[in-house]
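First up is the structure itself, then whatever we jot down about it.
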Amino acid sequence: MDMDFLAKPPEIDRRQFLGNVTTGLMGISLANLMAQENSPPGWSPGQGTHFPAKAKRVLQIFCPGAVSHMDLWDYKPMLAKMEGQPLPGEEEMVSFQGKNGNIMKSPWEFQPAGESGKMITSMLPHMVKHIDDIAFLHGMSSKSNTHGPGCVFMGTGHATEGFPAAGAWSSYALGSLNNQLPTYVAIPDVRGEPPNGKANWSNGFLPAKHQALMMAAHQPIRNLARPGAISKDEELQTRKYLDLLNGKYASQRPAEDDLKARMSAYQLAAAMQLSAPEVADLQAEPKHIRELYGTDSQNPYLAGYAKNCILARRLLERGVRYVNLYCASRASGVDGKLNWDAHKTLKADYERHLPIFDQPTAALLTDLKQRGLLQDTLVIWCSEFGRMPTHQHNTQGRDHNPDAFTLWMMGAGVKGGESYGSTDQFGRRAQENPTTVWDFWSTVLHLLGLDYTKLSYYHNGFERRLTDVHGGVIQSILA
């Protein structure tokens with residue numbers, strides 16, 4: 001046998017190499033097409049659910065700035081017993097903004113709420129009415145301790161920008177419930193957008209039509225009204241002609257995703273000339289409903305958030321599939337002024353934020369319940385991570401803590417009065433039944449009738465998922 005071939009592979013020139021590469025790629029493409037032709041028909045996006053759904057729509061309430069779990073929902077009596085002492089085992093701890101001081105108790109008392117006796121802060125007198133309907137997830141942790149990436153991770157399952165938000169995935173998978181309104185709406189707070197802004201409700205690599213439309217009570221949709229110089233008939237004829245041109249252009253360029261999205265946006269905008277002003281007309285609400293939410297409050301932030309809460313309910317009851325509702329914004333020059341990032345003066349900051357959140361949010365939950373909407377609406381409450389049980393050095397605030405925080409769910413398919421998972425006795429780290437952001441979204445998708453392992457989109461050589469390659473449904477909180 002001639003061993004020279006093994007010792008020295010035959011040389012090929014550039015032309016031969018490129019020819020072989022082309023042939024190989026053609027073979028791969030052909031095999032892929034044959035596999036698609038021979039595969040049995042299955043689920044496809046927009047054609048229904050993988051299995052019967054408990055929820056048809058989702059309301060995601062997001063409090064940016066990293067809400068302190070042990071000051072709202074995660075009762076830790078050990079903080080009061082050991083206040084002023086070093087945190088055992090972490091006496092020289094350095095966290096996001098530097099050195100930490102000693103253990104700091106919550107500035108407010110906790111009280112039992114509902115039949116379950118769940119201990120929550122006394123600073124939420126309205127929210128206590130709903131405790132028995134809520135399932136708390138106390139063993140959460142995050143991949144990031146920075147607000148921007150933390151918010152994006154919480155919303156998309158990935159800590160970097162460019163991935164679709166959960167609402168975009170829901171739009172892609174389930175389609176619209178009302179072709180007169182957007183499938184996905186983001187409602188930013190009157191104080192501004194959250195950290196990393198529109199990346200929180202981006203379509204990422206999904207078709208562009210799945211990005212959220214931004215809408216708020218203080219920020220009406222612009223350019224909806226027809227100019228006075230143009231008659232209704234003239235506008236209709238112009239649209240028909242535009243549709244004809246766009247359709248012809250799109251048929252010649254089937255890969256132009258942005259063009260399809262733009263055409264869809266124009267068509268939706270035409271429908272919204274009638275639907276959007278109606279849904280945004282908060283004055284159509286009875287006085288007792290506006291008073292329930294607090295729209296007449298002298299606090300402009302409370303009144304602004306209250307109006308957005310009413311808008312969220314009006315969108316949901318008219319068939320919007322997914323609503324992102326924000327309470328607070330990105331950080332300001334002063335920590336904790338515009339969001340929940342209480343590094344220096346936690347007591348003063350939260351005594352500003354908690355009343356803004358409490359009454360309108362509780363009213364929204366009451367309103368959804370009394371209208372029967374909670375039977376098929378899933379409500380989820382989020383923040384990007386938690387805070388430390390100690391105070392920051394030389395301050396009366398708490399630093400970032402990605403190792404422990406709390407999220408909650410209520411509504412369609414959720415077992416109320418539950419507390420799943422726990423942190424250690426100081427609230428420093430998730431300890432019992434720890435859960436991840438991917439587990440959280442796996443459960444949300446499950447309640448929407450979607451298998452988180454099957455909902456994917458091919459992008460840059462990967463079948464991408466909201467839950468990345470992780471996840472698991474949290475069965476204990478399912479009704």
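What follows is calculated from the coordinates using simple rules that are stated; it is not laboratory data. As the structure is a prediction and not an experimental result, all values here were calculated from the model. Please note: Cβ atoms are built from the backbone with ideal geometry, for glycine as well, and neighbour counts cover all protein chains shown.
Assorted remarks:
- Relative contact order computed over the chain (Cα-Cα under 8 Å; 6+ residues apart), in percent: 28 percent
- Largest-first principal axis extents of the Cα set of segment 301-343 (Å): 39, 20, 12
- Ranked Phe357, Phe440, criterion: other C-beta atoms within 10 Å, fewest first: Phe440, Phe357
- Whole-angstrom gap from segment 113-147 to segment 371-409, using each part's C-alpha centre: 8 Å
- When +1 charges are put on Lys and Arg Cβ atoms and -1 charges on Asp and Glu Cβ atoms, the dipole computed for segment 345-462 relative to its Cα centre reaches about 100 debye.
- Built amide H within the under 5 Å cut-off of Thr390, gap 5+: Met104
- Taking Ser251, Ser170 and counting other C-beta atoms within 10 Å, the order from fewest to most: Ser251, Ser170
- Percent antiparallel among DSSP beta bridges (both partners in the chain, rounded to 5): 55 percent
- Entry for Rg/Rh (Cα atoms, Kirkwood Rh) (calculated from the structure that is shown) out of (i) 1.05; (ii) 1.02; (iii) 0.99: (i)
- Built amide H within the under 5 Å cut-off of Gly65, gap 5+: Trp340, Glu384
- From phi via Karplus (6.51, -1.76, 1.60), per-residue ³J(HN,Hα) for segment 110-125 in Hz, x at Gly/Pro: 9, 9, x, 10, x, 5, 6, x, 4, 7, 9, 4, 6, 7, 10, x
- Between Ile474, Ile134, Pro45, the Cα set farthest toward the positive side of the dipole of the chain (charges on each charged residue's Cβ, about the Cα centre) is that of Pro45.
- Computed from backbone phi with θ = phi - 60° and the Karplus coefficients 6.51, -1.76 and 1.60, the 3J(HN,Hα) list for segment 204-218 is x, 8, 6, x, 4, 5, 8, 5, 5, 8, 8, 8, 7, 4, 8 Hz; x is used for glycine and proline.
- Take the Cα of Met78, step 7 Å toward its Cβ, do the same at Tyr241, and the gap between the two points is 7.4 nm.
- Amide hydrogen proximity for Ala186: with H placed 1.01 Å from N in the peptide plane, the residues at 5 or more positions away or on another chain lying under 5 Å are Leu213, Met214, Met215, Asn324.
- Counting other Cβ atoms within 10 Å as a rough exposure proxy, the listed residues His138, His126, His391 run His126, His391, His138 from fewest neighbours to most.
- In a reduced charge model with +1 at each Lys and Arg Cβ and -1 at each Asp and Glu Cβ, the chain shows a dipole moment near 1060 debye about its Cα centre.
- Under the span-like rule (Cα at least 18 Å along the axis, Kyte-Doolittle mean at least -0.5), DSSP H helices of the chain: 14-38, 257-279, 300-317, 346-370
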